[in-house]
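A quick write-up on the structure given underneath.
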Amino acid sequence: MVAQSNDPVVSLTDVRKTYKVGEVDVPAVKGVTFSIPRRRFSVIVGPSGSGKTTLLNLIGCLDKPTSGRVIVAGQDLATLPDNAVSDFRAQKVGFIFQNFSLSRCSRHTKTLNTPCSCWA
Ligand SMILES: Nc1ncnc2c1ncn2[C@@H]1O[C@H](COP(=O)(O)OP(=O)(O)OP(=O)(O)O)[C@@H](O)[C@H]1O
Ligand SMILES: [Mg+2]
């Protein structure tokens, strides 16, 4: 699917993510629906444990939802095989982790200017 210029760059519909810890279900994201228009700087805020990192992992193609639809840059991620998701992430998403995970040889200033960016 080709992204149209007026499509949101990120679109989530009733997205849920439940981690399995042994026999226990840990619901981290419980039915989230929102979209982010293009060229908009957006911030996700909430108390510790409310699911911000889980949500960013889903938007950043690092994890898959238990249910619901995640569309990034016009691409429904559920329709892509894992290797295609990796290619898509490499081309479309910039991500800085909470613990930075920066390497000595990368250009930190460029990375730090785009905490989580999606290109369409
Ligand atoms: N890999 C995991 N396995 C099991 N439970 C997890 C995992 N990652 C997160 N959780 C749980 O999911 C819920 C949401 O966690 P998450 O890390 O997304 O929250 P957060 O809003 O980013 O918190 P913080 O502000 O502390 O970074 C919490 O209850 C957390 O314990
Ligand atoms: Mg977090």
note = Subset of the stretch 64-82, residues within 16 Å of ligand 1 (Cβ to nearest atom), within 11 Å of the chain's Cα centre (by Cα) and surrounded by 17 or more Cβ atoms within 10 Å (Cβ to Cβ), comes to Pro65, Val70
Leading residue by the ranking (farthest from Asn83 (Cα to Cα)) among those in the stretch 51-62 that are part of a loop (DSSP other than H, G, I, E, B) and more than 9 Å from ligand 2 (Cβ to nearest atom) = Gly60
task = Taking only the stretch 63-96 into account, find how many residues are part of a strand (DSSP E or B) and within 22 Å of Thr18 (Cβ to Cβ).
result = 7
In the stretch 19-38, the residues that are touching a residue at least 12 places away in the same chain (Cβ under 8 Å) and either more than 13 Å from ligand 1 (Cβ to nearest atom) or of a type in the set (A, V, I, L, M) (or both) = Ala28, Val29, Gly31, Val32, Thr33, Phe34, Ser35, Ile36, Pro37, Arg38
ask   = Out of the stretch 79-120, which residues are touching a strand residue (DSSP E or B) at 6+ places or on another chain (Cβ under 7 Å), within 20 Å of Thr13 (Cβ to Cβ) and at pLDDT 60 or above?
value = Phe88, Lys92, Val93
note = Residues in the stretch 39-54 that are free of Cβ contacts under 8 Å to residues at least 40 places away in the same chain and either under 14 Å from the mean Cα position of the chain (by Cα) or more than 21 Å from Phe97 (Cα to Cα) (or both) total 7
ask   = Quick check, is Arg16 more than 16 Å from ligand 1 (Cβ to nearest atom), of a type outside the set (A, V, I, L, M) and not in a helix (DSSP H, G or I)?
value = no
task = Report, by residue number, each residue of the stretch 25-49 that is out of contact with any helix residue (DSSP H, G or I) (no Cβ under 6 Å at 6 or more places or on another chain) and farther than 15 Å from Val9 by Cα.
result = Asp25, Val26, Pro27, Lys30, Gly31, Val32, Val45, Pro47, Ser48, Gly49
query = Is it true that Ser35 is small (Gly, Ala, Ser) and assigned to a loop (DSSP other than H, G, I, E, B)?
reply = no
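The values are calculated or read from the model by the stated rules, or taken from the named source; none is laboratory data. This is a predicted model, so every value here is computed, not measured. Every residue, glycine as well, gets a Cβ built from its backbone with ideal geometry; the counts of neighbours run over all protein chains shown.
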